[in-house]
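**Q** The structure that follows is given in the form of structure tokens.
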Amino acid sequence: MSKTTAQKKGLLERLKEGPVVGDGSMCMTLEKRGYCRAGQWTPEAVLEYPDAVKQLLREYLRAGADVLQTPCYASSDGRLKRANITYTTAELNEAACEMAHEIAQEGNALVCGGLTPVMSYSKGEDETIVRGEFESQLAGFIKRRDIIDFILAEFFGYIGELEICVDVMKKAKMPIACTMRIGPLGDLNGVSVEECAVRMAKTGADLIGINCLFDFDTCLKTLKRMRDALDKEGLKTPLMCQPLGWRCPETTNTKKGYLLLPEFPFALESRQVSRFEVHKFAREAYNLGARYIGGCCGMEPHHIRAIAQEVIKTF
Ligand SMILES: [Zn+2]
């Protein structure tokens with residue numbers, strides 16, 4: 001048993017005891033602070049401005065997050081190349097693991113290694129290339145299994161791609177979570193919410209759900225459809241929800257969500273949710289079966305604090 005798991009309860013134990021609070025926005029928040037480039041959203045800040053990234057992680061921890069995700073979204077070979085980033089996935093992920101672990105130790109938080117969708121899948125390249133891109137992301141988390149508590153595949157637009165990713169992730173022999181960026185129209189190939197939910201559960205992942213692109217109301221409706229579909233199949237996999245911190249109701253019936261707003265990404269302030277809305281969302285998500293509740297883009301530390309306060313009141 002690793003030092004980490006010997007000293008603190010792991011994800012599966014915590015899920016059995018009550019809701020787990022996730023962390024919040026990373027790239028979008030770092031961009032506003034001057035440490036990340038809009039457009040590519042690549043994570044070179046972990047090497048260039050480590051203190052700034054660590055401070056944001058610390059704010060989530062202090063606000064009540066039970067989990068800190070490794071800040072390495074978009075650290076895949078294809079995405080780095082497209083953005084002309086010369087750092088490798090290995091370098092970025094190693095630094096992200098170290099800093100998430102360092103800050104998690106200031107509290108009792110878990111460290112979650114995050115995997116990102118790859119461009120080779122959407123381009124229709126051979127599955128061996130797609131697997132290779134996931135393997136190179138996963139390698140850093142396997143190497144640092146002494147400090148990584150579980151792994152998460154997030155922001156997937158295709159259920160088929162997610163199934164391949166989870167299959168690769170099983171090599172790590174760690175608890176697995178996964179989320180898709182789906183709304184009412186289902187995945188990018190039109191696979192329904194219900195089918196996505198059932199197929200996600202059947203990958204054997206320990207936690208499944210949705211993140212990003214849509215606001216609270218839309219995510220809650222999607223979560224309900226997922227829970228109903230799982231119940232119908234007798235599948236008990238707990239749900240996870242990490243929505244946007246902005247309102248975007250007019251994008252509900254699209255596949256791109258808030259990316260379609262004219263205000264994206266530089267003028268979303270007037271759409272920001274309040275903490276009152278976060279309290280309501282967290283309660284409703286819990287009632288729909290979400291056992292891991294956090295935030296994605298636009299969910300700042302004070303929003304995470306509202307989630308923690310809401311779920312801690314009862315549990
Ligand atoms: Zn997001």
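**Q** By the gyration tensor of its Cα atoms, with a ≥ b ≥ c the square roots of the eigenvalues, what is the shape of the range 106-222: rounded for a/c under 1.5, prolate for a/b over b/c, or oblate?
**A** oblate
**Q** Quick check: residue separation of Arg37 and Ala90 times 0.36 nm, minus the Cα distance between them. What number comes out in nm?
**A** Taking Arg37 through Ala90 to full extension adds about 17.1 nm, to one decimal.
**Q** Can you compute 3J(HN,Hα) from phi for each residue in the range 236-243, using the Karplus curve 6.51 cos²θ - 1.76 cosθ + 1.60 with θ = phi - 60°, rounded to whole Hz and x for Gly and Pro?
**A** Working through the residues one at a time gives 9, 3, x, 9, 10, 9, 10, x Hz.
**Q** Sticking with the crude label model, points 7 Å out along Cα→Cβ, report the distance from Leu235 to Leu261 in nm, one decimal please.
**A** Taking the simple label geometry, Leu235 and Leu261 are separated by 3.0 nm.
**Q** May I ask you to derive the FRET efficiency for Glu269 and Glu102 from their Cβ-Cβ distance with R0 = 35 Å, giving the value to the nearest 0.05?
**A** Efficiency for this residue pair is about 0.65.
**Q** Further question on the same structure: Got a sec? Charge dipole of the range 5-60, +1 on Cβ for Lys and Arg, -1 for Asp and Glu; which of Thr42, Val20, Leu57 is way out at the positive end?
**A** Towards the positive end, the residue furthest out is Val20.
**Q** While we're looking at this one, here's another question. Per-residue counts of other Cβ atoms within 10 Å, averaged by peptide: what ranking do you get for 255-263, 23-31, highest first? Before the final figure, lay out the partial values.
**A** Numbers: 255-263: 15.8, 23-31: 23.7.
Listed from highest to lowest mean packing, they are 23-31, 255-263.
**Q** Return the sequence-ordered ³J(HN,Hα) values of the range 201-214 in whole Hz as given by the Karplus equation 6.51 cos²θ - 1.76 cosθ + 1.60 applied to θ = phi - 60°, using x for Gly and Pro.
**A** Values, residue by residue: 5, 6, 5, x, 4, 7, 8, 9, x, 9, 8, 6, 6, 10 Hz.
**Q** To the nearest 20 debye, what is the magnitude of the charge dipole of the range 82-240 about its Cα centre, counting +1 on the Cβ of each Lys and Arg and -1 on the Cβ of each Asp and Glu? Please list the in-between numbers first.
**A** Values: 18 positive and 25 negative charges, 70 e Å.
Using only the charged Cβ atoms, the result is roughly 340 debye.
**Q** Here's another thing I want to ask about it. Mind listing the long-range amide H neighbours of Thr88? Cut-off is under 5 Å, sequence gap 5 or more, other chains count too, H placed in the peptide plane at 1.01 Å from N.
**A** It is none; the list stays empty.
**Q** Still on this structure, please answer the following. Using a simple charge model, +1 on the beta-carbon of Lys and Arg, -1 on the beta-carbon of Asp and Glu, nothing else, what dipole does the chain show about its Cα centre, in debye to the nearest 20? Walk me through the numbers on the way to the answer.
**A** Values: 41 positive and 42 negative charges, 124 e Å.
The calculation lands at about 600 debye.
**Q** I would also like to ask the following. Can you give me the long-range amide H partners of Cys178? Hydrogens built in the peptide plane at 1.01 Å from N, cutoff under 5 Å, separation of 5 or more residues or another chain.
**A** Amide H neighbours of Cys178: Ala153, Leu207, Ile208, Gly209.
**Q** Is the shape of the range 30-108 best called rounded, prolate or oblate, per the rule: a/c under 1.5 gives rounded, else a/b larger than b/c gives prolate, else oblate, with a ≥ b ≥ c the square roots of the Cα gyration tensor eigenvalues?
**A** Prolate shape, in that a/c is at least 1.5 and a/b is the bigger ratio.
**Q** Does the chain come out rounded, prolate or oblate, given a ≥ b ≥ c as the square roots of the eigenvalues of its C-alpha gyration tensor, rounded meaning a/c under 1.5 and, failing that, prolate meaning a/b above b/c?
**A** Here the chain falls in the rounded category.
None of the figures in this text is laboratory data; all of them are computed from the coordinates on show. Remember, predicted model here, so these are calculated numbers, not experimental data. As a convention, Cβ positions derive from the backbone with ideal geometry for all residues, glycine included, and neighbour counts pool all protein chains shown.
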